[in-house]
Each structure stands twice: as C-alpha cells, then as structure tokens.
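Written below as structure tokens is the structure these notes are about.
Derivation of every value follows stated rules applied to the coordinates shown; laboratory data play no part. The shown structure was predicted, so the numbers you read here are calculated from the model rather than taken from an experiment. Glycine also receives a Cβ, built like all others from the backbone with ideal geometry; neighbour counts cover every protein chain displayed.
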Amino acid sequence: MLQSIIDRRLAGKNKSIGNRERFLRRYKDKIREAVRRAVDGRGIRDMERGEDIHIPRKDISEPVFHHGQGGVREIVHPGNREYVRGDRIERPKGGDGRGGGSQASDSGEGEDDFVFHLSKEEFMQVFFEDLALPHLVRTQLADVPEWKSQRAGFTSDGTPNNLHVLRSMRGAIGRRIAIVSGSRRELRELQAQLAELQRFPEGHEHEITELEREIEALRQRVARVPYLDPIDLRFRNRIRVPVPTSKAVMFCLMDVSGSMDEARKDLAKRFFILLYLFLTRHYERIDIVFIRHHTQAQEVDEQNFFHATETGGTVVSSALVLMEEIIRSRYRPGEWNIYGAQASDGDNWHHDSGRCRELLNDKLLPLCRYYAYVQVAEEEQNLWEEYSQLLETHRHFAIRKATEVSQIYPVFRDLFKKEGAPAVA
C-alpha cells in the first residue's frame, strides 16, 4: 500500500515559507527593479514599509503540454465572406487575441498584472542586498563571539518544524521490514502447505483447520505492527557554533552650520538615516558614533544627531579633530575596522579647508578602511577642491554630490556597493 505524506503546515498569515522563498528567487531581478522604482518615489520616513510588486501575467506564466486535435482540418466558418475552401490564412499579427493585458481593448479578454506584496523585512533585504562596508577585514576578534546555527545530523527529539519526513519514512520502512520479515516468511510457508492440502482435503480436515488458524494469527500479528512509530521520527539537528567576529565602527559627521539651510539638512539627514538603517540591519557588531559640528564639534546620541536645532558658523576641522580623539581613546586601529561618512554643503572658513585636507591625509585616512564625503550643494567650494586632491593618493576615499532627494539613493548605493560590483550611473 502506497501512502503519501503532505506537509500542509502554514507560516504566518497563511503563506507557505518554501513557496514564498522560491518565488522570490525565481523573480529576483523583477522584484529588485520594482523595489528600486518604489524607493525613488518614497520618503525617508516611509522607507521601512512593505510594497506591492506588480509583475505582468505573461512573465510568470509557465509552458504546459496539452493534446491538440491533430490531423489536417479544413473548416469554413458560418458567415465567412472572404475565404473559400483551399485558401491559406495568414497567421494573425501581434497578440494572441486576448486583448492587451491590463490595457483597455474593445474586444477580447485581458489579464491584470500579478500583485505580490513584499513585507517590510523583505523590502529592506532586497534594497540592501548588494551593499556592504568596503574593505572590511578580520581584525582582532570581538570580546563577545557571534554564533551561527549549523546542521549536525539528525536526532530523535525535536519540534514539528524540524521533522525530516523522508528520513522518518525510511526508518519506518526499515523497522517494519526487520520486525515482520520472519512472520511473512513463515506465513508464505504455511500458505503453501495449506494450498497443497486443499488439493486433496480428504482425511486432512483437522490439519487444514489448524493451518488456517495459524495463518490468521500470523496475519493479525503482521497487521499489528504500526505503520509509523514515534521511534521512527527523525528531526533535523542544529547546533550553535562560534564564528569569528569583526569589530567595526562608523563615524557620522554632519555639518549643521548656518549655511546649511533646511533643504540641505534634510538631504544630509536622509543620507545618514539610510546609512543608519543599512548598518543596523547588516551588522550586529558595529558601533556608530554621531558627531555634529558648526564652529565646534560635539559627539551626540542618535536623537540629537537627527533632531537637534543648534547651529552656528563653520569650522569643519573641529569634527575631524574630535573624530581622531575618539579613535585614539576608544577604537584602536589594530582591533577595529574604522569608517567615516561626512555630509556638508562645502562652505567652510577658507583657511580651515586646507587643514581639513591635512587632517584627513596625515591622520584619519591612514586609520580608516573607507571614508566617504557627500556634498549637498552644487557649488564646488574650497572644501570640495581640497578634498579632490586626496582622490589620486587614497583609493579608499570617495566624494560625491547629492543636490536633490532623488540623488540620495543612487549616491548611497554607489558609495557602499559591494567590492567588484559595477558602479551606479
């Protein structure tokens, strides 16, 4: 007897985890493109939410085989005034007569696009999947190790989610074969004896009765063997193993001087919020240091960094000096991967821009794995000119401009793309 076991356990909200992950893998390119289009029209406050992805029906259809009528058929349909028997009809041009998909049509039938809803976690995963901290290497291991789950064979105890159906059925079949093999062999021998006696039953009535009784007892014994016993169940076993952990710190430097109007501050905040989401989602062991500066620099917490309204003049070097002091006191370069991201409109006290270049060249860039500067103004002022001189000698230093909201995401992706990935236009 052949039996089939179908696992119909459902994940949250009645969605099959296996089917959902398979769909995401199959249409990964289309989903990624749809996510990028959605991000272009989305505000930073709405970044962490799901999205409805529209995929044309024709792109998810699969080929099928079916039986045709076959043979050569000659048909003249009623009401035909153009063709006679023997005429050859050209193949219709364009579509298959079902209309223009989801577009309007005066004839035929159409099909709407397939709508697939990405959850918040899936949306952010697709958006950040091809980004990484550049030049991240294993330095000294962190004090608190990270753990990962690793397969370690099978066990007889576990949760239903980890049940391995194939391995359990294999064990059940082996157990039944081992238990009933002797009884089945004895049953076949008794059935052969019974068949021999039944050919000439005269004088063997008592023996036939005894054989039938023994055969029935053996059949009941075989039937009492359970098809699936708890001792047959096998569960996937996973163990936690320690993995090397890189320690990384990201310095976020934002200009809040008087020349940074609300529009420019909004651009800078959008960039840093995106950076914050990216870091906190991709790296469990990473420190983030927030520094605001005008004529003086100050280390602040996340709330004050994004929402404080203090302003003043502009001395950019104060933020770089503070960054170096924090590195020297808390983050030894031999133990930490150090990164820096700076946003400003480029307007600086003239004599201070040269000092900023010297600080980066002599003290900060030798300590950093990567340093990115984003200017939120179109005019190339003295700070941009000074920073541009460092590009030829420091490959781990990058400068970009973002003067509109729509440019924030492409600039961010270009700065933090995975090593070896093509540049973003």
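Can we say Arg281 is part of a helix (DSSP H, G or I), closer than 20 Å to Trp384 by Cβ and of a type outside the set (A, V, I, L, M, F, W, C)?
Against the criterion (part of a helix (DSSP H, G or I), closer than 20 Å to Trp384 by Cβ and of a type outside the set (A, V, I, L, M, F, W, C)), Arg281 does not qualify.
Scan the range 382-397 and tell me whether some residue there is surrounded by fewer than 21 Cβ atoms within 10 Å (Cβ to Cβ) and within 17 Å of Met250 (Cβ to Cβ).
Yes, because at least one residue in the range 382-397 is surrounded by fewer than 21 Cβ atoms within 10 Å (Cβ to Cβ) and within 17 Å of Met250 (Cβ to Cβ).
For the range 303-317, state whether one or more residues are among the small types (Gly, Ala, Ser), out of contact with any strand residue (DSSP E or B) (no Cβ under 7 Å at 6 or more places or on another chain), under 25 Å from Trp336 (Cα atoms) and not in a loop (DSSP other than H, G, I, E, B).
Yes.
State the number of residues belonging to the range 212-239 that are in contact with a Gly (Cβ under 9 Å, 6 or more places away or on another chain) and in a helix (DSSP H, G or I).
2
So which residues in the range 280-310 are polar (S, T, N, Q), surrounded by fewer than 16 Cβ atoms within 10 Å (Cβ to Cβ) and over 33 Å from the mean Cα position of the chain (by Cα)?
Answer for the range 280-310, where residues must be polar (S, T, N, Q), surrounded by fewer than 16 Cβ atoms within 10 Å (Cβ to Cβ) and over 33 Å from the mean Cα position of the chain (by Cα): Thr295, Gln296, Thr309.
Filter the range 337-356 for residues that are in contact with a strand residue (DSSP E or B) (Cβ under 8 Å, 6 or more places away or on another chain) and closer than 16 Å to His394 by Cβ; which is surrounded by the fewest Cβ atoms within 10 Å (Cβ to Cβ)?
The selected residue is Ala341.
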